[in-house]
Structure formats: C-alpha cells, structure tokens
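The values are calculated or read from the model by the stated rules, or taken from the named source; none is laboratory data. Predicted model only: the values in this text are computed from it and were never measured. Backbone-built Cβ (ideal geometry, glycine too); neighbour counts: all protein chains shown. Only protein heavy atoms, including side chains, enter the accessible area calculation; ligands, DNA and RNA are left aside. Shrake-Rupley method; radii C 1.70, N 1.55, O 1.52, S 1.80 Å.
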Amino acid sequence: MIEVNLPNHHYKIDVKRGLLKSCGHWVANLWRPQRIAIITDETVAELYSDDVIDSLIDNGFDITLLVVPPGEESKSLEQATQLYDALADNGFTRSDGVIALGGGVIGDLAGFVASTYMRGIHFLQIPTTLLAQVDSSIGGKTAVNTKKAKNLVGTFAQPDGVLIDPNVLNTLEMRRVREGIAEIIKSAAIADKNLWHFLGTLKNEEDLLNHAEEVIDASLNVKRRVVEEDVFDHGSRLTLNFGHTIGHAIEKTSGYGVISHGEGVSLGMVMISTQAEKFNQMPKGITTDLVAMLEKFNLPTVITLDKQTIYEAITHDKKARGNTIKIILLKEIGQAKIVDILIETIKDYIIEEEV
C-alpha cells in the first residue's frame, strides 16, 4: 500500500493481484452507501464491469454504468457533456460518486467530469492499463483534449483512493503494455536509479509483467514523491514531463491513436536527449543507455516527422509559459533537471531526420 499525503487530502493506493473482484469491500471502506456512476469504455465494460458491479451491489451501492467508445477521441468536451447529462438524468447529487474504470483516457475523462459536475463530486480510480496504473491514475490531473492540443482543458482533483490489480494486465495487448513501460523507464531515468538497474535485469515485457507489483510500486513512489512536493505542477513535478513536450506534439501531429502516448514519450525522450547531449547539457553516452533500455522493451526510438509541424503543436502545449518553455533533461540516470529555454529554440531539440 502506498499513501499519498497532500496538504488538504490524503489517499491510499492499493496494489495487489486479485483486488478487482473484491472492489466493493474496498469502496465500502472509503464511502458510505450511495449512488455510484461507473464510467468506463466498451472494451473494459465487456471484460470487467460485471465483476465490479456485482461486488459494489453486494456492498450496498446503487450502480449506474456509463459506457463511452474506446480511444482518445472520447476524451473531449462533447463526451463530457453527454456524461453530465447522464448523471443529471440519473439523479446524481454532490453526495454521490464516480468510479473511473479503465485506462488513462477513462481516468482523465471521468476525473474531469467528477471534478466539474455540480462543482465537484468525489471519485475513485480503478486503472486497467499499465500506463494508467503507473502514471495517470494518481496525482490529481484530469483533462480533455481540444482540436488545438492534448489535455488543454482540465482540473487538479485528487481521487479518494486508487485500486490497482496487476491481473488485469493479462488482457492487455502488448502494445498497450509497452506504453506503460515507457512511463516506467521515464520514472527510473528521472528519479530512481535502483529501478533503472532492476529494469536492466529483466529480459522483456513478459518478464516485467511477472514482476508487475514490484515495478508498479517503485514507479508509483517516484510520482508520489514529486506530487507531494509540488501538487500543482509548478516546480519539481515538472520533471515527470521528461519526453512529454515533444512526445505530446508527436501524438498530435501523427493523429491521436496513430502513435500512442507511451510511444510518443519514448520518441520524445530520445529526441531531446540526443540533442541535449550534443549541446553538452547531458552526460555523454546517456542517450545510448536510454535507447538500449527502450529498445529492449520494443519501444520506438526513431521517427521522421516535419520539424515545423511539431514545433507548432508545442507552442499550443500547456507547458509553454509566455515566450519560454521548461524542458526536462537528465543530470545522470536517476536525477533530472529543469531547464528554461526560449520557446523558439525547442526546434533545436526536434530531430527531423532519422537518427
């Protein structure tokens, strides 16, 4: 169990195989009997909604299941509006709650809806992808995308708890496992040399899944520490964005869903490290180590994209502050640094041709 202690909020993250089928007991320890809206997507609903609903009903909760189409397209203001209407039609009040059951898209969408419906109702996270388990389900960031940029509209709203059952990863396609591994590698690179060395002992994706609880715990603790230091993303929490500024732009430029979030982060880390090493802003050889780790888990490290298009996407990124942008570089494996640059110079960190 991991405890997240924030100035005005405290919650626990329970990580254990088999927890999903007893989730009703877990919720009953956090909430009194009430209406609960389970927000999920069609894929996850087919796999897990019956078990979750049965367990919640057995523990005295009144359940409404709200199912959205799978994919990044559902993370929109239009979809959020449909969910607001469904909550209102089912009589949900500020005394009721929302459970996000799914991957990062569902976690972001359901968290955003919960934090804005009636100015905010409480919610829980039950992430079902490795990416959501190690990253987006904790920390309190919620968001939807617009045509201009990914995660442009959102809130900071903390869940009342997070339930992580590594057994659900057995139903994930390997591409989705890998995008979670990209975030795990990022966490190790910025703040946990021991996790980096442990990842180095693993053979492949399957081997990592066999050690899922240990890896998830370590990665979550990286995020927990920086979230506790910097709840609203103004200081040390920015280190979690290693690879993300360029990665988000790659996602948008390619079209959401063509390149996944994890794949974009993998490419973004390699791009910015390659160029930063050339500029003597990072130690020599660190990019080689990073590429080797990513490629061991079959993550992409080379792509050819139009530099100007990526740059234009970055200028709409919420991380841009006026004429400057903060980029994340590595002092060494296990330690990150935040560097302010003029936004136009981010072009120098984008690789146009194959590396």
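If you scan segment 127-142, which residues turn out to be closer than 17 Å to residue 75 by Cα and modelled with pLDDT of 95 or more?
Once the filter is applied, which keeps residues that are closer than 17 Å to residue 75 by Cα and modelled with pLDDT of 95 or more, segment 127-142 yields 127, 128, 129, 131, 132, 142.
How many residues are in contact with a Gly (Cβ under 8 Å, 6 or more places away or on another chain) and surrounded by 18 or more Cβ atoms within 10 Å (Cβ to Cβ) when one looks only at segment 144-168?
5
Being surrounded by 13 or more Cβ atoms within 10 Å (Cβ to Cβ) and touching an Asp or Glu at 6+ places or on another chain (Cβ under 7 Å) is the filter here; which residues of segment 17-30 pass it?
Hits for segment 17-30 are 17, 19, 20, 21, 24, 26, 30.
Can you pull out every residue in segment 82-118 that is out of contact with any helix residue (DSSP H, G or I) (no Cβ under 9 Å at 6 or more places or on another chain) and more than 17 Å from residue 160 (Cβ to Cβ)?
Passing the criteria: 82, 85, 86, 89, 90, 91.
Here is a check on your reading of the model: is residue 99 in a helix (DSSP H, G or I), β-branched (Val, Ile, Thr) and within 19 Å of residue 36 (Cα to Cα)? Reasoning before the result, please.
Working: in a helix (DSSP H, G or I): no; β-branched (Val, Ile, Thr): yes; within 19 Å of residue 36 (Cα to Cα): yes.
Criteria not met by residue 99.
Kindly state which helices (runs of 4 or more DSSP H) lie completely within segment 248-320 and contain at least 1 residues that are of a type in the set (A, V, I, L, M, F, W, C), free of Cβ contacts under 8 Å to residues at least 40 places away in the same chain and open to solvent by 30 Å² or more (accessible area, probe 1.4 Å). Steps first, answer last, please.
Values: elements: 261-278, 286-296, 307-315.
Answer list for segment 248-320: 286-296.
Of the residues 230, 207, only one is free of Cβ contacts under 8 Å to residues at least 24 places away in the same chain and over 24 Å from residue 171 (Cβ atoms); which? Lay out the reasoning, then the answer.
Details: 207 fails: over 24 Å from residue 171 (Cβ atoms).
Answer to the check: 230.
Looking for something in contact with a strand residue (DSSP E or B) (Cβ under 8 Å, 6 or more places away or on another chain), part of a helix (DSSP H, G or I) and at pLDDT 95 or above - is there at least one such residue anywhere in segment 172-187?
To start, the set of residues in segment 172-187 that are in contact with a strand residue (DSSP E or B) (Cβ under 8 Å, 6 or more places away or on another chain) comprises none.
No.
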